[in-house]
1. Given the criterion assigned to a helix (DSSP H, G or I), touching a Phe, Trp or Tyr at 6+ places or on another chain (Cβ under 7 Å), in contact (Cβ under 8 Å) with a residue 12 or more places away in the chain and not polar (S, T, N, Q), identify the matching residue among L180, L231, L256, L261.
2. Using the structure shown, decide if G89 is out of contact with any Phe, Trp or Tyr (no Cβ under 7 Å at 6 or more places or on another chain) and either exposed (fewer than 13 other Cβ atoms within 10 Å of the Cβ) or closer than 27 Å to T170 by Cβ (or both).
3. Would you confirm, using the coordinates I've provided, whether A247 is out of contact with any Leu (no Cβ under 7 Å at 6 or more places or on another chain), of a type in the set (A, V, I, L, M, F, W, C) and either more than 28 Å from M45 (Cβ to Cβ) or buried (at least 22 other Cβ atoms within 10 Å of the Cβ) (or both)?
4. Between a first residue in segment 154-166 that is within 15 Å of I81 (Cβ to Cβ) and a second residue that is at pLDDT below 90 and open to solvent by 60 Å² or more (accessible area, probe 1.4 Å), which pairs have beta carbons less than 6 Å apart while being 6 or more apart in sequence or on different chains?
5. In this structure, is F294 at negative phi, of a type in the set (A, V, I, L, M, F, W, C) and not in a helix (DSSP H, G or I)?
6. For the structure I just gave you, tell me whether L42 is under 23 Å from F294 (Cβ atoms), assigned to a helix (DSSP H, G or I) and in contact (Cβ under 8 Å) with a residue 24 or more places away in the chain.
7. Taking segment 298-343 as the search range and keeping residues that are in a loop (DSSP other than H, G, I, E, B) and among the aliphatic types (A, V, I, L, M), which one is modelled with the lowest pLDDT?
8. Checking the structure you have, find out if any residue of segment 115-130 is open to solvent by 20 Å² or more (accessible area, probe 1.4 Å), assigned to a helix (DSSP H, G or I) and of a type outside the set (A, V, I, L, M).
Amino acid sequence: MNLVARIVARDKNLSVLVLMTASTLTVLVALLGGRFLSAGNLQSMSSQVSEFGFLALAMGLAMLTGGIDLSIVSAAVLAGIMGATVMSGQLVPVTESNSNALMLAGILAALVTGMMCGLLNGVLVAKLSIPPILATLGTMILFTGIGMVITDGQSVPISIVSYSALGATTIANIPLIFVLMTVAFLVMGFALSRTRFGRRIYLFGENSVALRFSGVRNERVIILTYVTIGLLVGIAAVIMVSRVNSARVGFGESYLLQAILVVVLAGYNPYGGRGRVISLALGLILLQSLQSAFTILQFNPYVKNLIWGSLLLLVMVVNYYVARWNPLPVSPSLGPKEPGSASGSTGSSVAVTHRPLGKDADPDPRASVEAGGQPG
């Protein structure tokens, strides 16, 4: 029992998330049976979660720095429009001889656009000290406006047939885009836990002042972080366009709320400095499973938004109580002593059972980082 308590105490949010995911999958399998576990449904879930997974990963990076990026969906749509414009034949007519070159140019245009959007966010936050929520709110509207001007609100179709195959290609019946998302999660998890850049992201979110006094250029950390977010957004745009074979303003608007929901569900601290990629992956599995179940049960789309919003509030309340919960029993040596004892104060017991709220309530991620742990 003490072993279980110690395992739970190491990462309470991850333990609760594992329990929630296992319980939800058990209920869904019992309720929907073969319809949920069918090969077609599992393959469909893998495809749908891929583009959304990159956006959730981008949102998680922003939240690790203590910020938020409200522009990820708008930037992804703009990146998709730029890529689709190149591959639509509007700039250069598509022929059999140049289709591959135009496809590569379109993918490159989407990735560069995403990174430029991230660079703009990073400069606004790092150089002008604009709060991330305000900076990305402004760029969200800006990116949407640019996309609207370019397309006049119309859809931009892709004229390269082979490009649409990217979203449908499978490897051993596993969608290629799902494999790409899995690789991205592994790479990002390694980068956050094993590289100097990743550790600085955690340290910036934990205490940016201390990081600055340690000689690290905080502005560079923030700008590089948002450029990385832009790269993830660009990859999401490439996948989005390949799946629907076109791009238009307004596509994937619901992804923003769902990305925030997954990151909060994964236990990322909104004040920065804490969050693990493995928790993010579990959150994606949980949310996509519910999404698939809603589709099978033919839920109204408006009911889905109601459920997502309610779930977001519920998760925040649960996280509040999880942060206060201590699964380890209080050691008798730390408990109240006999009256008259020199160390008979109850202060030790109170310190164990009543942790302060906020970021200080959780295990210090710097400890695991500096000790070679795996915060990512």
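The values are calculated or read from the model by the stated rules, or taken from the named source; none is laboratory data. As the structure is a prediction and not an experimental result, all values here were calculated from the model. Positions of Cβ are backbone-derived with ideal geometry, glycine not excepted, and every protein chain shown enters the neighbour counts. When the accessible area is computed, the model is the full protein with side chains, heavy atoms only, and any ligands, DNA or RNA have been set aside. Shrake-Rupley method; radii C 1.70, N 1.55, O 1.52, S 1.80 Å.
1. Exactly one of L180, L231, L256, L261 is assigned to a helix (DSSP H, G or I), touching a Phe, Trp or Tyr at 6+ places or on another chain (Cβ under 7 Å), in contact (Cβ under 8 Å) with a residue 12 or more places away in the chain and not polar (S, T, N, Q), namely L261.
2. no
3. In short, yes.
4. S155/R248
5. It is false that F294 is at negative phi, of a type in the set (A, V, I, L, M, F, W, C) and not in a helix (DSSP H, G or I).
6. No; evaluated as a whole, the condition is false for this residue.
7. A342
8. Within segment 115-130, none of the residues are open to solvent by 20 Å² or more (accessible area, probe 1.4 Å), assigned to a helix (DSSP H, G or I) and of a type outside the set (A, V, I, L, M).
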